[in-house]
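Asks: Dropping a structure here in structure tokens format, bear with me for questions.
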Amino acid sequence: GVTTDSWSLQEPQRLSRVDNEIVEALCQDGRVSCERLARLTGVSNATARRRVEWLLQNNHVYIRAVVEPASVGLPVEAFLWIRSDPKNVEAVGRELAASPLVRYAAAVAGDYQIVANVTAKDQAALYACVTSAPWVAYAKSIDVSLLLEAFKRGGRMLQPARM
């Protein structure tokens with residue numbers, strides 16, 4: 001595996017076979033022990049622990065919990081497709097990133113300049129987000145797509161809500 005940083009001029013760092021195997025195991029179970037990683041990769045416990053620490057410190061992996069928003073009181077979820085002047089993309093991105101409602105925000109190429117995934121406790125909170133949040137002043141237009149059902153989150157397939 002290769003990690004890429006499209007904004008720097010540095011060569012991407014190539015991960016070793018052991019690092020790739022550790023990453024694969026962490027993708028399957030972020031709670032896997034270093035002892036188990038050592039067995040899977042054929043290295044010592046100390047080496048497995050050092051490799052995990054290196055992967056984390058060098059931003060090759062992030063270990064996080066993926067929470068279903070509705071289970072923590074945020075049942076309304078939407079994607080915001082935002083048009084902005086190029087000079088305002090950075091300001092909109094920073095403001096979005098500061099909002100606790102925003103799960104993900106990215107600058108994109110195409111008809112829109114920014115896409116964001118937001119969650120809210122109700123439609124009134126979502127309405128406030130797209131009408132009166134600080135970043136709205138920098139947006140030319142906002143298209144809102146309500147999420148009806150997520151099929152996959154954080155790389156994990158989800159069970160269908162309806163069956």
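The values are calculated or read from the model by the stated rules, or taken from the named source; none is laboratory data. Just so you know, these numbers come straight off a predicted model, no measurement behind them. FYI the Cβ positions are ideal-geometry reconstructions off the backbone, even for glycines, and counts take in every protein chain you see.
Asks: Could you please tell me which pairs satisfy a Cβ distance under 7 Å, a separation of 6+ or placement on different chains, a first residue in the stretch 90-103 that is among the hydrophobic types (A, V, I, L, M, F, W, C), and a second residue that is part of a helix (DSSP H, G or I)?
Replies: Close Cβ pairs satisfying both conditions: Ala91/Tyr138; Val92/Trp135; Val92/Tyr138; Leu96/Trp135; Leu101/Cys129; Val102/Leu96.
Asks: So Ser6 fits all but one of (1) outside any helix (DSSP H, G or I); (2) over 24 Å from Met157 (Cα atoms); (3) at pLDDT 95 or above; what number is the exception?
Replies: (3)
Asks: In addition: Hey, any hits in the stretch 136-148 for a residue that's within 14 Å of Ala78 (Cα to Cα) and acidic (Asp, Glu)?
Replies: Yes: one or more hits.
Asks: How about the stretch 105-128: which of its residues are within 15 Å of Val89 (Cα to Cα) and of a type outside the set (Asp, Glu)?
Replies: Result: Ala105, Ala106, Ala107, Val108, Ala109, Gly110, Tyr112, Gln113, Ile114, Val115, Ala116.
Asks: Quick check, is Ala116 in the same structural domain as Leu80 (by TED's automatic domain parsing), touching a helix residue (DSSP H, G or I) at 6+ places or on another chain (Cβ under 8 Å) and either more than 14 Å from Glu68 (Cβ to Cβ) or not charged (D, E, K, R) (or both)?
Replies: yes
Asks: Here is a further query. Among (1) of a type outside the set (Gly, Ala, Ser); (2) crowded, with 16+ Cβ neighbours inside 10 Å; (3) closer than 14 Å to Tyr138 by Cβ, there is one condition Val118 misses while meeting the rest; what is its number?
Replies: Of (1) of a type outside the set (Gly, Ala, Ser); (2) crowded, with 16+ Cβ neighbours inside 10 Å; (3) closer than 14 Å to Tyr138 by Cβ, only one is false for Val118: (3).
Asks: Please find, within the stretch 58-87, the residue that is surrounded by the most Cβ atoms within 10 Å (Cβ to Cβ) out of those that are assigned to a strand (DSSP E or B) and among the hydrophobic types (A, V, I, L, M, F, W, C).
Replies: Filtering first and then ranking leaves Ile82.
Asks: Could you figure out which of (1) surrounded by fewer than 18 Cβ atoms within 10 Å (Cβ to Cβ); (2) over 27 Å from Gln159 (Cβ atoms) isn't true of Val52?
Replies: (1)
Asks: Return the only residue of Leu96, Leu37, Leu55 being touching a strand residue (DSSP E or B) at 6+ places or on another chain (Cβ under 7 Å) and not in a strand (DSSP E or B).
Replies: Leu96
Asks: Okay, next question. Look through the stretch 129-149, keep the residues that are of a type in the set (A, V, I, L, M) and surrounded by 13 or more Cβ atoms within 10 Å (Cβ to Cβ), and return whichever of them is farthest from Val89 (Cα to Cα).
Replies: Among them, the one singled out is Leu147.
Asks: Out of Glu24, Glu77, which single residue is touching a Leu at 6+ places or on another chain (Cβ under 9 Å), acidic (Asp, Glu) and assigned by TED's automatic domain parsing to the domain that holds Cys129?
Replies: Glu77
Asks: Sort out which residues of the stretch 104-154 are in contact (Cβ under 8 Å) with a residue 24 or more places away in the chain and charged (D, E, K, R), and write them in order of number.
Replies: Asp111, Lys121, Asp122, Lys140, Asp143, Arg153
Asks: While we're looking at this one, here's another question. Of all residues in the stretch 122-163, how many are outside any helix (DSSP H, G or I), of a type in the set (A, V, I, L, M, F, W, C) and within 20 Å of the chain's Cα centre (by Cα)?
Replies: 8
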